[in-house]
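So the structure is just underneath, and the comments pick up after that.
Throughout, read-outs are computed from the coordinates displayed, never taken from laboratory work. These numbers come from a predicted model, not from an experiment. A quick note on method: Cβ atoms are made from the backbone with ideal geometry, for glycine too, and the neighbour counts reach across all protein chains shown.
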Amino acid sequence: MDPSIWNVTAPAVGSAFFASLVEVVEAFTIVLAVGTLRGWRAAATGTVTALGVLAALIALLGPLLGEIPLQILQLVIGILLLLFGMGWLRKAILRAAGILPLHDEEAIFSTESAQLRGSGVSGQGTLDWMATMTAFKAVLLEGLEVVFIVIAVGAGGGLLWPASLGALAACLVILAVGIVIHKPLARVPENTLKFAVGVMLSAFGTFWTGEGLGIPWPGQDLALPVFAGLFLGVALVTVSVLRRPLAELAR
Amino acid sequence: MSVIADVLRELFAMFLADGWLTAGVLLLVAAIAVLIGAFQIMPLLGGVVLLIGCLALLVGAAGREAKRRSAQGS
């Protein structure tokens, strides 16, 4: 079996899947609030319209990426991945250390529900624009991150389709679980997923930025899991160091 | 207009949420490009600097935010 499947393809698909899982859970919470309080017609219209805009974005950007020389593409995407991935990892470290509060889907659901209850409802038979826009914005904004992650982990290594399938699988998983339990998915270990994806995206970012700069990584693709291990180790040590002062204060 | 503003805000937050981290990454990559291109250092050495630099920036960014928040809390 081609070793690059384990060194590059699996991490790329896994990153797209888990990152999408995090984003889709966040969008699902708001769509659920819209559907429950203001009707599923508005929720579905907003969601489908946003998915259409995102699909158009991919259809527009996909062919353009093929026109850019690979080394420049790897450098630009590598830098964007470093900014995005290290941003996620920094936030996940701060949350794991107890410095930032954890993401709370039930609290978000309550806040969103209160806002929807407070706003006016349009007459029966007409589309509830306020609710539709709420669902549209939630799916569009969370979906933007999914589109970026899919393009970023996919385009640099010619893995756009496998990464897209990873993201699609995450959407289907959340949709299936959401239909069954019909409440906010509060038990998804959001910060653990964000931590893992931050590690992978930072590793991909370092790898592709280096490739874009003409750096010949020893072992080529094998460098990727090594980078991921280093980011993970340093992030875990940082969490334990940042946690200590809090524990000392509590004593 | 509010949707466009929200999209722009989201894009800004995606890449530029921590100005210190963003500036650090961009400066690090630019410095390595100059070292490899103009000063002809071994590319692999540039790779080592990139990796260690990114790890240091990550620790620095997390530590900086922790210190800022603890100063606000005290």
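Give me the angle, in degrees from 0 to 90, between the Cα long axis of helix A:160-181 and the longest principal axis of the Cα atoms of chain A, rounded to the nearest 10. Value to nearest ten degrees: 40.
Placing a label point 7 Å from the Cα of residue B:7 along the Cα-to-Cβ line, no residue of segment A:149-185 has its backbone N under 15 Å from it.
Rounded, prolate or oblate: which one fits chain B, using the alpha carbon gyration tensor with axes a ≥ b ≥ c (rounded when a/c is under 1.5, else prolate when a/b beats b/c, else oblate)? Oblate, since a/c reaches 1.5 and b/c is not below a/b. Computed over chain A, the per-residue total of -39500 (n - 2.57) for DSSP H runs of n ≥ 4 gives a 222 nm mean residue ellipticity of -28000 deg cm²/dmol, rounded to 500.
Find the percent of Cα-Cα distances in segment A:4-250 that exceed 29 Å, and round it to a whole number. Considering segment A:4-250, 37 percent of its Cα-Cα pairs are separated by more than 29 Å.
Among the chymotrypsin sites (Phe, Trp or Tyr not before Pro) found in chain B, those both in a DSSP coil and sparsely packed, with 11 or fewer other Cβ atoms within 10 Å of their Cβ, are B:39.
Here each label is just a point 7 Å from Cα along the line to Cβ, and for residue A:57 and residue A:173 those points are 2.2 nm apart. Here the extension length gained between residue B:16 and residue B:48 equals 9.1 nm, from 0.36 nm per residue of separation less the Cα-Cα distance. Taken over segment A:172-239, the convex hull of the Cα atoms encloses 113 Å³ per residue. Residues whose amide H comes within less than 5 Å of that of residue A:100, counting only those at least five positions distant or on another chain, are A:95 (H built at 1.01 Å from N in the peptide plane). Would you mind checking the tilt of helix A:129-155 against the longest principal axis of the Cα atoms of chain A, expressed as 0 to 90 degrees and rounded to 10? Orientation of helix A:129-155: about 10 degrees from the principal axis.
Helix A:10-38 and the long axis of chain A differ in direction by around 10°, with both axes built from C-alpha atoms. By the count of other C-beta atoms within 10 Å, a proxy for reagent exposure, A:221, A:104 are ordered fewest to most as A:104, A:221.
I'd like the distance separating the alpha-carbon centroids of segment A:64-107 and segment B:37-57, in whole Å. When both Cα centres are located, 21 Å separates them.
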